[in-house]
Amino acid sequence: EKEELIEEWQPEPLVPLVPKDHPALNYNIVSGPPTHIITVNGKECINFASFNFLGLLDNENVKSAAQASLKKYGVGTCGPRGFYGTFDVHLELEERLAKFMRTEEAIIYSYGFATIASAIPAYSKRGDIVFVDEAACFAIQKGLQASRSNIKLFKHNDMADLERLLKEQETEDQKNPRKARVTRRFIVVEGLYMNTGDVCPLPELIKLKYKYKVRIFLEESLSFGVLGTHGRGITEHFGINIDDIDLISANMENSLASIGGFCCGRSFIIDHQRLSGQGYCFSASLPPLLAAAAIEALNIMEDNPDIFQTLRAKCERIHKALQGITGLKVVGESFSPALHLQLEESCASRDNDVKLLKRVVDYCINNGIALTQACYLEKEEKCLPPPSIRVVVTVEQTEQELDKAAALLKEAAQSVLS
Amino acid sequence: INHVMHNGGLYKRPFNEAFEETPMLVAVLTYVGYGVLTLFGYLRDFMRQWKIEKCQNATEREEQKDFVPLYQDFENFYNRNLYMRIRDSWNRPICSVPGAKVDMMERVSYDYNWTFTYTGRVIKDIINMGSYNYLGFAQNAGTCQEAAAKVLSQYGAGVCSTRQEMGNLDKHEELEKLVARFLGVESAMAYGMGFATNSMNIPALVGKGCLILSDELNHASLVLGARLSGATIRIFKHNNMQSLEKLLKDAIVHGQPRTRRPWKKILILVEGIYSMEGSIVRLPEVIALKKKYKSYLYLDEAHSIGALGPSGRGVVEYFGLSPEDVDVMMGTFTKSFGAAGGYIGGKKELIDYLRTYSHSAVYATSLSPPVVEQIITSMKCIMGEDGTTVGKARVQQLAENTRYFRRRLKEMGFIIYGNEDSPVVPLMLYMPAKIGAFGREMLKRNIGVVVVGFPATPIIESRARFCLSAAHTREMLDTALKEINEVGDLLQLKYSRHRLVPLLDRPFDETTYEETED
């Protein structure tokens, strides 16, 4: 009888078939480096899609630092940090990052996504409580899933909603004080949200932190090297003492134009990740040439603090220029270098919205401005943002190019959406 | 327990794997050792709490002292009292290319490993038996490095975008075609980090209502990927085919635990070479079981790609099987190719699906261009497409080194785990004090080794792990063996009761691998 059951059982196919014209299946092919002028699918365009905020992807000093490192160390590190994978460049980069952010210690990961996804489960375990913003990026969501803690979502940037959740938790605690004494609580927010382009209200968060005794984890992937007079991120932007934030995590793939990520904070907190950060202990370390590129990029950031002001001016300019396009609305702060353009009136289904936006993007690429749609995994996201076009501002773009992009988008919206 | 299997013609070659049992006296002494350490740990904690001894741990901020403590005191007990004592064996900083010989920065500790200071001196030419450099591609000169340098000056170091947005360079397409050709599969996809390849793609393949059968000793990335997927996980004993068959039978006959509905899919997760044991998966039997019970196989070849098989194509070639039998072939570029990143290879439908739904393609940055170039050049070298026989020579040199090294260690009387053909050689130490002593003594003699203890291994089975490389010459191996012999006598590590009679030194047997006529 058992044999019969084994004979009869038919599993599902390992993967369902993906239709040939699925929008996400056909990638844009970039020939050559993804710098200011980029060749997408054979057409030369101005790059408004790569997160190369400070234009360091093409910088000669960065490249020569990486070349020197390549000559000395080769490409790979052939081992995790614990087993002969720690190079002096890694130690130097950690020191420099800690000094730049003015914290005690920093720790480097070899992949940006893995940084926050390994940092959260290192501290928050089953039974702990994490309050997280609805618009948190996917890496944070995966970190929270891996930690098995209780997740409480609060509405995006809504401090009243967060306070309500915290108060509810307080009344719960009073019912069970023994358990409350060992349950850790965290708030996870992003400095500059990737999905909505706005900043979190950090001063209010600090007040809530001390009132309800919750620790704050700040994810600064987009705001590192963008906000603040010296590019130190949102803490400098708001003028907050960096020790008030328990952990700052960022990836080096945006402003620093390298690969990898880092966490910084007090030694009390960061040192724990050296033994319990999964992406740190069980994975090979960052190739030294990428670490050397990041160090040189940091040098450039420290020597030229006026590029942040220039970047901000360009962001304001394009933000103003993109207002008033019929059919598309601008989502994001005026000083955010990563904006979204969403449809003012959405059609009935998401698929149709996506198709419409794709036509706008294709029109722009055909006329010399490289744009892309913001891509999401529709079934996996907790709170799926509406479909949008991503517009990225870099210091390398001239004012004419910004104006040209805005004009072209107006044209495209006119021709496709009306 | 020695297995020499010729299981009804499934195995075309002898499969020699040995895990000698722990001698009883050694086990008892090890437990005693840990007991003493724990007692002292409690004593020191007591003294630290009552301020008799200075507490050198970092502490919480004054303003946050009334917050819920971030770490449980007991969690860090092991860390404070056992790990701290031998902490200098890990995280050793090096300052040269991680080839066969490496330069290390000297560091000393004046307060029993709580803090380290760098003296500024560099210890040169340490024989490196710890880096995963199986085919010796960790080089800072030569064709691979020159090609990578050219691509670096053309493309830059970073990419600044995800695969689905603007990060798909022509280099990535070239790499994926090459990887597919190398493995003998229809199509392949490359990712930026080996760990992330597992943790981001297993959730895309299976979900709730599916069953994952995972080996006991699977790597943390496979375990994390399995957990994140939401599927039910069942564990079978390490490399034990009877355990796996029983689980498969039960799963199909009984269905899901409460509802009794049939499972949607069953996925078996195994690794090519297990890095802590040095054992090779029993692939012919796993494939036979998979076909019989209609499940899917996910093979993680992180350590075995490039290191096994007559032309370095991994564990599938080693057993003479067809890559089409393995549904998902995953591997990393960090170990044998001297670069970074991971890949998944398989049928076109699988890769198309992953291109659309993999977490990494949508949210994570793609591979850095010079790293891609290193992989392309080294892979071409292994395949022989660059016009030289360097690749083939390296694969053979690695196999020769493996056999020689393992044979000599066994003759000396150490307990060595694992398969005879695996370039990962674990040497058992057992006692906690010997972990630290072995690491330090070998460093004094200019040999860098990796020692592992709890929690990466079971508590009494701590070991030293050697990773052989095609870059090691016979002289280096002989020097290393001489020193290991000395240290083994000094620390009384020769536990084995099956002392082999030393064979007359004969050259590597050419007929072991099927050679094609050139």
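For this structure, a couple of remarks:
- Of the chymotrypsin sites (Phe, Trp or Tyr not before Pro) found in the range A:24-128, none is in coil by DSSP with at most 15 other Cβ atoms within 10 Å of its Cβ.
- Over chain B, dividing the summed -39,500 (n - 2.57) contributions of all DSSP H runs of at least 4 residues by the number of residues returns a 222 nm mean residue ellipticity of -11500 deg cm²/dmol.
- GNM on chain A, alpha-carbon springs under 10 angstrom: the most fluctuating residue among A:Ala405, A:Ala348, A:Ala338 is A:Ala348.
- Within straight-line reach of A:Lys152, meaning a Cα separation under 23 Å, sit the following lysines at least 8 residues removed in sequence or on another chain: A:Lys125, A:Lys142, A:Lys167, A:Lys175, A:Lys179, A:Lys207, A:Lys209, A:Lys211, A:Lys213, A:Lys379, A:Lys382, B:Lys208.
- Only beta bridges with both residues in the range A:74-303 are counted; by DSSP, about 40 percent of them are antiparallel.
- GluC sites (Glu not before Pro) restricted to the range B:423-501 and DSSP loop, no more than 12 other C-beta within 10 Å: none
- Here the 3J(HN,Hα) profile of the range A:221-227, calculated from phi with Karplus coefficients 6.51, -1.76 and 1.60 at θ = phi - 60°, is 4, 8, 8, 5, x, 10, 8 Hz, Gly and Pro shown as x.
- Residues whose amide H comes within less than 5 Å of that of A:Glu105, counting only those at least five positions distant or on another chain, are A:Gly265, A:Ser267 (H built at 1.01 Å from N in the peptide plane).
- Along the range B:249-258 the Karplus relation, 6.51 cos²θ - 1.76 cosθ + 1.60 evaluated at θ = phi - 60°, assigns HN-Hα couplings of 4, 4, 5, 6, 6, 8, x, 5, x, 9 Hz to successive residues, with x for each Gly and Pro.
- For chain A, adding -39500 (n - 2.57) for each run of n ≥ 4 DSSP H residues and dividing by the number of residues yields -13000 deg cm²/dmol at 222 nm.
- Note on chain A: with charges restricted to the Cβ of Lys and Arg (+1) and Asp and Glu (-1), its dipole about the Cα centre is near 860 debye.
- Listed residues B:Val281, B:Phe67, B:Thr388: farthest to the positive end of the dipole of the protein assembly as shown (Cβ charges): B:Phe67
- 10 Å-binned pair-distance histogram of chain B (Cα, whole percent): 3, 17, 26, 27, 19, 7, 1, 0
- The HN-Hα couplings worked out from phi for the range B:388-396 by the Karplus form 6.51 cos²θ - 1.76 cosθ + 1.60 (θ = phi - 60°) are 10, 9, 4, x, 4, 4, 5, 4, 5 Hz, whole numbers, x standing for Gly and Pro.
- For B:Thr22, residues with placed amide H under 5 Å, excluding near neighbours: none
- Per-residue mean of foreign Cβ neighbours for A:85-92 is 5 (Cβ atoms of other chains, 10 Å radius).
- Loop exposure criterion: trypsin sites (Lys or Arg not before Pro), DSSP state outside H, G, I, E and B, at most 11 other Cβ atoms within 10 Å. Applied to chain A, the longest stretch between such sites is A:127-378.
- For B:Ile268, nonlocal amide neighbours, meaning residues 5 or more places apart or on other chains whose placed amide H falls under 5 Å from its own, are B:Leu213, B:Tyr296, B:Leu297, B:Tyr298.
- Bridges between two residues of chain A, per DSSP, are antiparallel at a rate of about 60%.
- Extension gain for B:Gln49-B:Asn76 works out to 8.3 nm (0.36 nm per residue, less the C-alpha to C-alpha distance).
- Normalised alpha carbon radius of gyration of chain A [divisor 2.2 N^0.38 Å]: 1.05
- Given B:Lys335/B:Lys392; A:Lys355/B:Lys347; A:Lys320/A:Lys358; B:Lys101/B:Lys124, the pairs whose alpha carbons are separated by over 19 Å: A:Lys355/B:Lys347; A:Lys320/A:Lys358
- Projecting the Cα positions of A:Ala49, B:Ala364, B:Ala456 onto the charge dipole of the protein assembly as shown (unit charges on Cβ atoms of Lys, Arg, Asp and Glu, taken about the Cα centre) puts B:Ala456 furthest along the positive direction.
- Partners of A:Lys43 within straight-line reach, counting aspartates and glutamates whose Cα lies under 12 Å from its Cα and excluding those fewer than 8 residues away in the same chain: A:Asp362.
- With 5 Å bins beginning at zero, the pair-distance distribution over Cα atoms of the range A:74-303 amounts to 1, 7, 15, 19, 20, 16, 10, 6, 3, 2, 0, 0 %.
- Split chain B at each of the trypsin sites (Lys or Arg not before Pro) in a DSSP loop with at most 10 other beta carbon atoms within 10 Å, and the longest piece is B:261-496.
- Beta bridges per DSSP, both residues in the range B:143-383: antiparallel share near 40 percent.
- Rounded if a/c under 1.5, otherwise prolate or oblate - the range B:143-383, Cα gyration tensor axes: prolate
- Cα-based radius of gyration for the protein assembly as shown, normalised by 2.2 N^0.38 Å, reads 0.94.
- Extending 7 Å from Cα along the Cβ direction at B:Tyr34 and again at A:Ser418 yields two label points whose distance is 7.6 nm.
Read-outs: derived from the displayed coordinates by stated rules, not from any lab. Since the structure is predicted, the reported quantities are computational estimates derived from the model, not experimental observations. Cβ atoms come from the backbone with ideal geometry, glycine included; neighbour counts cover every protein chain shown.
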